[in-house]
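Report on the structure given below.
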Amino acid sequence: MNILVTGGMGYIGSHTCIQLIHAGMTPIIFDNLDNSKASVLPRIEKVCGQQPQFIQGDIRNKQRLIEVLKQHDIDAVIHFAGLKAVGESVQKPLEYYDNNVNGTLVLVDAMRECGVKSLVFSSSATVYGDPASVPITESFPTSATNPYGRSKLMVEECLTDFQAANPEWSITLLRYFNPVGSHPSGELGEDPQGIPNNLMPFVSQVAVGRREFLSVFGSDYPTKDGTGVRDYIHVMDLADGHIAALQKVGSQSGLHVYNLGTGNGSSVLEMVAAFEQASGQPVPYQLVERRPGDIAECWADPSKAEKELGWVATKTLEDMTQDTWRWQSGNPNGYPE
Ligand code: NAD
Ligand code: WQD
């Protein structure tokens, strides 16, 4: 199977390409390199003996997409491309709606013109807003609290309407919880530009000496130790979730919605302790005010994916922290230019 992977040069996309190759599929990457570097390609080759084809392009360029879909005889699309920084989305809502919502509509339109009718979309647990309870099942109500989250929700709604009007299509919405970790080889990992927004990249940059201390956002939440609780999932487990989705429902018409999480919640302080243990490095931190818009706790009920896709997350917190450290300590400044 030839799989077009939009955003395949990025964090989750690059790890998914490796698992696609291992599963005997052919990934073709389409990415504008807005938030990634071409030097990820030889790293992919190093760990799986093959370099995926890479086309530099923007998902808002319909003609280019049509050329690529036809030329590579694409069977299905995994759509990672988009912007993902919550804070930035508040400052630049137009850019987020253009990239994430308009970009997806252009992509689906190009697929329709080429007769490619199978799509897997990167959604997010952010679509559950502030959930009334945990664990969260796919039937929980959805809402958004910032433009990034709203863009994901809008895309979900657009794709739901589109699938209803085109029942022969297979559209899968994968709602990721908190992706962390790296390929176990240490060759690939998360390489945020500037100050990391997310917890784990920040913690690992403190451990490697790039930053002085971690600010823990809030210590008065009604959680086990007062700090925020999330469902951290290893990026390799997440990558495997995409393979399972393609294999189980990628050629079954319908709208398929799955949580990809572990079903376990870990606090910020638990993550810091696990990281110190894995790295042998101290992670100094200061307890500060809550970050606006944050929720107290969020974790998945992943049983639908287990039942229907036969997928379950298998990696532990130790795997997540050890693999992150292997990547961070071997590549303290991320990928080379
Ligand atoms: P990433 O930024 O590492 O990867 C996204 C890739 O898309 C980058 O390589 C970027 O260059 C590319 N891109 C952006 N806009 C593009 C455009 N208009 N045309 C072509 N390429 C474009 O992000 P990631 O962490 O790998 O996330 C992948 C997807 O998963 C995103 O859609 C994100 O919203 C979603 N997601 C991520 C998380 C997370 O915490 N990392 C959680 C839930 C959902
Ligand atoms: C995790 C916990 C913070 C940084 C975000 C997006 C969500 C999804 C995943 C894309 C929280 C605390 C963090 C720091 C801290 N992305 N924290 N100090 O907020 O759960 O989700 O990324 O879809 O949409 O909102 O992840 O990693 O930012 O935070 O104390 O420097 O770590 O308060 O409790 P979050 P996160």
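Residue by residue, here is whether (1) aromatic (Phe, Trp, Tyr); (2) within 20 Å of Glu337 (Cβ to Cβ); (3) open to solvent by less than 30 Å² (accessible area, probe 1.4 Å) holds:
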{"position": "Met1", "(1), (2), (3)": "no, no, no"}
{"position": "Ile21", "(1), (2), (3)": "no, no, yes"}
{"position": "Val40", "(1), (2), (3)": "no, yes, yes"}
{"position": "Val47", "(1), (2), (3)": "no, no, no"}
{"position": "Phe54", "(1), (2), (3)": "yes, yes, no"}
Given Glu187, Glu156, Glu212, which one is at pLDDT 95 or above, open to solvent by 50 Å² or more (accessible area, probe 1.4 Å) and not aliphatic (A, V, I, L, M)? Glu212
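Residues are listed down the side, and each one gets a yes or a no for (1) more than 25 Å from Ala244 (Cα to Cα); (2) at pLDDT 95 or above; (3) within 15 Å of ligand 1 (Cβ to nearest atom); (4) crowded, with 21+ Cβ neighbours inside 10 Å:
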position	(1), (2), (3), (4)
Glu113	yes, yes, no, no
Asp130	yes, yes, no, no
Ile136	no, yes, yes, yes
Ser139	no, yes, no, no
Candidate set: region 29-50, residues that are over 18 Å from Thr104 (Cβ atoms) and outside any helix (DSSP H, G or I); chosen: the one nearest to ligand 2 (Cβ to nearest atom): Ser36
With (1) in contact (Cβ under 8 Å) with a residue 12 or more places away in the chain; (2) within 11 Å of ligand 2 (Cβ to nearest atom); (3) open to solvent by less than 40 Å² (accessible area, probe 1.4 Å); (4) not small (Gly, Ala, Ser) as the list, and Leu238 as the residue in question, which single condition is left unmet? (2)
If you check Thr145 against the conditions, is it of a type in the set (S, T, N, Q), open to solvent by 70 Å² or more (accessible area, probe 1.4 Å) and within 20 Å of the chain's Cα centre (by Cα)? yes
Which condition number in (1) within 14 Å of ligand 1 (Cβ to nearest atom); (2) surrounded by 16 or more Cβ atoms within 10 Å (Cβ to Cβ) is the one that Gln193 fails? (2)
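The values are calculated or read from the model by the stated rules, or taken from the named source; none is laboratory data. Just so it is clear, the structure is predicted and the values come from calculations on it, not from any experiment. Every residue, glycine among them, receives a Cβ derived from its backbone with ideal geometry; neighbour counts consider all protein chains shown. Heads up: the accessible areas ignore ligands, DNA and RNA and are worked out on the full protein's heavy atoms, side chains in. Shrake-Rupley method; radii C 1.70, N 1.55, O 1.52, S 1.80 Å.
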